[in-house]
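> Just dropping this structure here.
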Amino acid sequence: MGETKSAYAEAGVDIKTANETKKSIKGLVQSTYNKRVLAEMGGFGGLFVPPWKEYKDPVLVSSVDGVGTKLKLAFDTGIHHTIGRDIVFHCANDILVQGARPLFFMDYLALGSHDPKVVEAVVSGLASACSDIDCVLLGGETAEMGDFYQVGEYDLAGSIVGIVDRDNIISGSGIKQNDAVIGLGSDGLHTNGYTLARRVIFDMAGLGVEDTLPGTDLSIGEEMLRPHRSYV
């Protein structure tokens with residue numbers, strides 16, 4: 001058994017550290033729980049009792065997404081606590097478009113090497129975002145894949161499940177001629193457009209993440225890592 005564990009660690013998967021991290025983030029995850037969660041963190045699947053009786057004709061709405069190349073800024077700056085908020089708010093906004101309110105969220109975090117501080121920072125963002133919109137962080141998966149990701153890099157994706165009454169689903173079917181269109185200005189890039197933004201700012205303009213953004217007291221890295229806004 002000792003040789004097996006040693007061989008696994010030598011292959012680049014640090015199970016002991018990963019288990020210790022799970023214990024350290026347990027409080028963060030459980031801080032989002034409510035009476036509808038049936039099991040503690042650690043099961044193969046999260047158990048959640050939907051609020052069926054609060055709806056006349058309930059419909060579940062789900063979405064899945066990733067943070068995208070905004071992650072590159074987190075790697076360059078060492079700021080990781082906002083990325084978790086990004087993915088939760090991104091997914092929650094997606095189902096809000098159809099009129100659904102979030103019930104629970106699950107994440108998938110894959111790393112080149114297991115860094116407890118990075119994992120805790122990301123999960124703290126996930127948990128705080130879920131608490132802000134009354135959504136349970138029901139579970140997730142952390143994978144260490146040194147053969148796939150560079151050391152210091154990771155990918156973050158998540159899925160959300162929400163609920164809406166069938167009669168309240170927003171589908172766009174009620175749009176008709178002469179309806180008014182209201183445009184709301186964005187307060188940032190959110191999690192979209194970062195491949196183009198990074199090319200313009202860093203490659204074309206020759207600026208760096210630590211340079212001050214003109215007209216502000218913030219660095220370009222800090223400004224571009226502002227969390228995706230929640231419309232919930």
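> Using protein chains only and a probe of 1.4 angstrom, how many square angstrom of Val181 are accessible, to the nearest 10?
Accessible surface of Val181 is approximately 140 Å².
> Which residue, Leu225, Ala180, Leu196, has the largest displacement toward the positive end of the dipole of the stretch 166-232 when charges sit on each Cβ (Lys, Arg +1; Asp, Glu -1)?
Checking the options against the dipole of the stretch 166-232, the answer is Ala180.
> Taking every alpha carbon pair in the stretch 4-150, what does the distance histogram look like in 5 angstrom bins from 0, in percent?
Percent of pairs per bin, in order: 2, 9, 17, 21, 19, 14, 9, 5, 3, 1, 0, 0.
> Still on this model: A 28 angstrom limit on the alpha carbon distance is what I want to check against. Which of Lys72/Lys117; Lys53/Lys176; Lys26/Lys53; Lys22/Lys53 exceed it?
Violating the 28 Å limit, Cα to Cα: Lys53/Lys176; Lys26/Lys53; Lys22/Lys53.
> By accessible area of protein heavy atoms, probe 1.4 Å, what ranking do Met204, Met224 get, highest first?
Largest accessible area first, the residues go Met204, Met224.
> May I pose another question? GNM, the chain, Cα, under 10 Å: largest mean-square fluctuation among Gly172, Gly27, Gly152?
Maximum fluctuation in the GNM of the chain, among the listed residues, is at Gly172.
> Taking 0.36 nm per residue of sequence separation and subtracting the Cα-Cα distance, how much length would be gained by fully extending the chain between Ala143 and Ile15, in nm to one decimal?
So the chain would gain 45.1 nm between Ala143 and Ile15.
> Just need the relative contact order of the stretch 109-232 here, percent rounded to a whole number, with Cα pairs under 8 Å and 6+ apart.
Dividing the mean separation by the residue count of the stretch 109-232 yields 24 percent.
> Taking the alpha-carbon centroid of each part, what is the distance from the stretch 151-210 to the stretch 43-103 in angstrom?
Centre-to-centre (Cα) distance: 13 Å.
> Keeping all protein chains in position, work out how much accessible area Glu141 exposes to a 1.4 Å probe, and write it in Å² to the nearest 10.
Here the accessible area works out near 100 Å².
> Relative contact order, percent, of the chain when contacts are C-alpha pairs under 8 Å separated by at least 6 residues?
RCO, the chain: 28 percent.
> Per residue of the stretch 102-110, in order, report the coupling 6.51 cos²θ - 1.76 cosθ + 1.60 (Karplus, θ = phi - 60°) as ³J(HN,Hα) in whole Hz, putting x for Gly and Pro.
Each residue of the stretch 102-110 in turn: x, 10, 8, 10, 9, 10, 9, 10, 10 Hz.
> Quick one: order Asp134, Asp94, Asp217 from most to least accessible surface, probe 1.4 Å.
Solvent-accessible surface, decreasing: Asp217, Asp134, Asp94.
> Could you pull the accessible area for Cys130 with a 1.4 Å probe, rounded to 10 Å²?
It works out to around 0 Å².
> Label-point separation (nm) for Glu210 and Asn34, each offset 7 Å from Cα along Cα-to-Cβ?
Label at Glu210, label at Asn34, 4.5 nm between them.
> Taking 0.36 nm per residue of sequence separation and subtracting the Cα-Cα distance, how much length would be gained by fully extending the chain between Val200 and Lys56, in nm to one decimal?
Once the chain is fully extended between Val200 and Lys56, it gains 46.9 nm.
> Put Ser31, Ser173 in order of accessible area, largest first, 1.4 Å probe: what do you get?
Ranking Ser31, Ser173 by accessible area, largest first, yields Ser173, Ser31.
> Summing -39500 (n - 2.57) over the DSSP H runs of n ≥ 4 in the chain and dividing by its residue number, what mean residue ellipticity at 222 nm do you reach, to the nearest 500 deg cm²/dmol?
So the helix-based figure for the chain works out to -9500 deg cm²/dmol.
> Something else now. Please name whichever of His81, Gly99, Val67 sits farthest to the positive end of the charge dipole of the stretch 59-131, dipole taken about the Cα centre and charges placed at Cβ: Lys and Arg +1, Asp and Glu -1.
Highest projection toward the positive end goes to Gly99.
> Shape call for the stretch 35-107 from the C-alpha gyration tensor, a ≥ b ≥ c root eigenvalues: rounded (a/c under 1.5), prolate (a/b greater than b/c) or oblate?
Oblate, since a/c reaches 1.5 and b/c is not below a/b.
> Another question, then. Name the shape class, rounded, prolate or oblate, that the alpha-carbon gyration tensor gives for the stretch 95-232, where a ≥ b ≥ c are the square roots of its eigenvalues, rounded holds for a/c under 1.5, and otherwise prolate holds if a/b is larger than b/c and oblate otherwise.
Oblate is the answer for the stretch 95-232, as a/c is 1.5 or above yet b/c matches or exceeds a/b.
> Would you please state which residues of the stretch 38-71 a label at Asn168 would reach in this model, taking the label point 7 Å out along Cα→Cβ and a backbone N cut-off of under 19 Å?
In the stretch 38-71, the label zone of Asn168 (backbone N under 19 Å from the point 7 Å along Cα→Cβ) covers 49-63.
The values are calculated or read from the model by the stated rules, or taken from the named source; none is laboratory data. Note that the structure is a prediction, hence the values are computed from the model and not measured. Heads up, the Cβs are rebuilt from the backbone with ideal geometry, glycines too, and the neighbour counts pull from every protein chain shown. Quick note on the areas: whole protein, heavy atoms, side chains included, nothing else; ligands and nucleic acids left out. Shrake-Rupley method; radii C 1.70, N 1.55, O 1.52, S 1.80 Å.
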